[in-house]
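Peer 1: Sharing a structure below in structure tokens format, with a few things to ask.
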Amino acid sequence: MNKLERNERLVRLALLSIAFSAISVLAVITAFIFTEGTPIMFKYGFRSFLAGMNWYPSEKSFGLLPMIAGSLMVTFGALVIGVPLGLSCAVFLTEFSSRRLRRTIKPVIELLAGIPSVVYGFMGVVLLVPFIRRTFGGPGLSVLAASVILGIMILPTIISISIDSLLAVPPSYREGSLALGATRWQTMKIVLFPAARSGIVASIILGMGRAVGETMAVIMVAGNAADVPGSLLSPVRTLTSNIALEMGYASGEHRQALFATGVILFVIIMVLNTIANVTSSRRKV
């Protein structure tokens, strides 16, 4: 074995070790969360955790249904706001703007993903919450406020991946549709959207995963009431907020119940990421 082959083999082993180290970290995190969280779920029953209405750790009541419902409502609200805006922006930048404008705006939009979530939360507390309180009533800290903030936070993910997916469609698709007499909007609706469907769906699912897992901004604007929200103007507590708010002082079964909350959140996010990966790997023929 010469020196070049030996160096190549060392580089290959080093890269393989790095790849396995990343997988090992994920495995350790998964094992730790499940080891800490599943015993109490078996002790009190999965039904009491998933369907229980009351969260009173001091009284051994660990119902997570209000937090699960809160997470779903906030995430759904974020998608209602973020998906139309994100797809509209992606369509404009790919089909109705100049290449120079797209190259200028796209990096700026992607920079939004680098803004700390606490900054979004601060802007929500200062501007959005008082506006909701004056306009619609209620405390202002609500499902609506959290949905709007999360809807803005998931925009970079949806816009960036959707743009890349639309640009990946072969130019012949556009040219053939336009040559047949279709308008640009008809081409977008009938030809490009179906061709880029896998990437667009993946962007939405990844944005959903970001919304489900967000913590700090939600804590600041959601109100954090451990009750099933009755309306968009009601305060809400999500699964991530529940962990962040109480882990600092929790002990014993209370701490284990928070790890059980993490188990449920972990499963939800892993399912979303798996769906995104499967969807991204599919290509429409």
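Peer 1: Out of Leu155, Leu206, Leu141, I need the residue that is more than 15 Å from Glu95 (Cα to Cα), buried (at least 16 other Cβ atoms within 10 Å of the Cβ) and touching a strand residue (DSSP E or B) at 6+ places or on another chain (Cβ under 8 Å). Which one?
Peer 2: Just one listed residue meets the conditions, Leu141.
Peer 1: Oh, and also: Given Leu10, Leu4, which one is over 29 Å from the mean Cα position of the chain (by Cα), assigned to a helix (DSSP H, G or I) and surrounded by fewer than 10 Cβ atoms within 10 Å (Cβ to Cβ)?
Peer 2: Of Leu10, Leu4, the one residue that is over 29 Å from the mean Cα position of the chain (by Cα), assigned to a helix (DSSP H, G or I) and surrounded by fewer than 10 Cβ atoms within 10 Å (Cβ to Cβ) is Leu4.
Peer 1: Test Val218 against the stated conditions and say whether it is more than 30 Å from Ala168 (Cα to Cα), under 13 Å from the mean Cα position of the chain (by Cα) and not in a strand (DSSP E or B).
Peer 2: Yes, satisfied.
Peer 1: Identify, please: which residue in the range 255-285 is of a type in the set (Val, Ile, Thr) and touching a Gly at 6+ places or on another chain (Cβ under 6 Å) and is, among those, modelled with the lowest pLDDT?
Peer 2: Ranking the candidates gives Ile269 first.
Peer 1: Can we say Val148 is in contact (Cβ under 8 Å) with a residue 12 or more places away in the chain, part of a helix (DSSP H, G or I) and surrounded by fewer than 20 Cβ atoms within 10 Å (Cβ to Cβ)?
Peer 2: Against the criterion (in contact (Cβ under 8 Å) with a residue 12 or more places away in the chain, part of a helix (DSSP H, G or I) and surrounded by fewer than 20 Cβ atoms within 10 Å (Cβ to Cβ)), Val148 does not qualify.
Peer 1: If you don't mind, there's one more thing I want to ask. Would you point out the residue of the range 105-134, among those that are modelled with pLDDT of 90 or more and more than 15 Å from Ile219 (Cα to Cα), that is farthest from the chain's Cα centre (by Cα)?
Peer 2: Applying the filter and picking the extreme gives Arg134.
Peer 1: When you scan the range 86-103, do you find a residue that is β-branched (Val, Ile, Thr) and in the same structural domain as Gly230 (by TED's automatic domain parsing), even just one?
Peer 2: yes
The values are calculated or read from the model by the stated rules, or taken from the named source; none is laboratory data. For clarity, every value in this text was computed on a predicted model and none was experimentally measured. Ideal geometry is used to build each Cβ from the backbone, glycine not excepted, and the neighbour counts take in all protein chains shown.
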